[in-house]
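Structure first, commentary second.
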């Protein structure tokens, strides 16, 4: 009985103590939350930094092509982009909003890198001019080792049927022919939609006009090699020229396959393209950019291609077709060709950056 009375008497006091303890605990929790919010507010930036909007992006395919651009353009700022090649994980930029990206070599690397650049980065590329700048094999009928060629067309060399050359029908010059066709002279339907890219011809003409007077680099080895060709322009000093490019992962060379590149380019463009350089990335790069344009990320009318000849695509008289590719390094073209990428693009980049008020709206009228 006394115990019950004591419990009854103690209940109001115990209830009050529990209420005070609960309120104290709640105050501590609220204070901690407030402190945490204050800390977050203090550490948060006052405003979101503006997105980098490059005026020009130079696209190279490997380090040897990229190296000549770094010092002249003062590319000291690194912008890491998820999804770029592990060998070239950064976009390099300068204070004039000129940037450079290295895709790594071949179709797969080119498409993957450009896609990462468009969709995984914080770069605003909607007004950017792209200059795809790389070395290539070159047609001695239109250029020479060291020449730098602005292209209006990029043609895919590799979308084709193929029969071994030892088994082709009589009268065929080579074993390649269009998908869905019956002979090498029949134009195929463009079912892949990447067979031919036509670039902004007026922009290519402007790039050529700005750069055609540039004195290009050369080497004693290249001079000695090109002297073995009996005709111009193969035996002439390198120059900035205009002619078109073919793409394909297979590094072909020799008279027969190079002739096929000429024929194929003409066939697919109804005679408009003049093949002079061969490389392993451009149609892939262009398709990634075209899809980016459809997504509102870039302007495809602002894309340029410059390819410089590091080696001839076919032999001089007396040289074997295998030697021209197996011993391509002996042509002496690699060093001048990589340097000439930078030399030929420099006046174009200067013009765009220096007159951005006009170029930002598109190709200015002359």
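None of the figures in this text is laboratory data; all of them are computed from the coordinates on show. Computed from a predicted structure; not experimentally measured. Cβ sites come from the backbone with ideal geometry, for glycine too, and all protein chains shown count toward neighbours.
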The chain: calculated mean residue ellipticity at 222 nm from DSSP helix runs of at least 4, using -39500 (n - 2.57): -12000 deg cm²/dmol
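Ranked highest first by the average count of other Cβ atoms within 10 Å around their residues, in what order do 87-100, 182-195, 227-240 fall? Provide the component values of the computation, followed by the final result.
Working: 87-100: 18.5, 182-195: 13.4, 227-240: 16.9.
The most tightly packed comes first, giving 87-100, 227-240, 182-195.
Need one number for region 276-315: average projected area of the convex hull over its C-alpha atoms, nm². Present the calculation step by step, with values, prior to reporting the outcome.
On the way: hull surface 13.2 nm².
The Cα convex hull of region 276-315, projected and averaged over all directions, gives 3.3 nm².
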Cα coordinate range in region 73-125, projected on the principal axes (Å, largest first): 31, 19, 14
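Hey, what did the chain get for relative contact order, percent, Cα under 8 Å, at least 6 apart?
That works out to 23 percent.
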Global geometry of region 163-241, whether rounded, prolate or oblate, following the gyration tensor of its Cα atoms and the 1.5 cut on a/c: oblate
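Among DSSP beta bridges lying fully in the chain, give the percent that are antiparallel, nearest 5.
Details: 16 of 44 bridges.
If I count the DSSP bridges inside the chain, around 35 percent turn out antiparallel.
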GNM result for the chain, Cα springs below 10 Å: residue of 345, 76, 102 fluctuating most strongly: 76
Relative contact order %, region 197-301, counting alpha carbon pairs below 8 Å whose residues are six or more apart: 24
Centre separation in Å (Cα based) which lies between region 115-149 and region 192-241: 14
Cα gyration tensor shape of region 250-306, rounded if a/c is under 1.5, else prolate or oblate by comparing a/b with b/c: prolate
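Between rounded, prolate and oblate, where does region 207-358 land on the alpha carbon gyration tensor, with a ≥ b ≥ c its root eigenvalues, rounded for a/c under 1.5, else prolate if a/b exceeds b/c? Spell out each step's value before the answer.
On the way: a/c = 2.20, a/b = 1.37, b/c = 1.60.
It is oblate, given that a/c is not under 1.5 and a/b is not larger than b/c.
From the C-alpha coordinates alone, can you work out the Kirkwood hydrodynamic radius of the chain, in Å?
That comes to 23.4 Å for the chain.
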Cβ crowding within 10 Å averaged over residues, with 162-174, 291-303, 142-154, 107-119 ranked highest first: 142-154, 107-119, 291-303, 162-174
Length gained when the stretch residue 272-residue 167 is fully extended (0.36 nm per residue, less Cα-Cα span): 34.7 nm
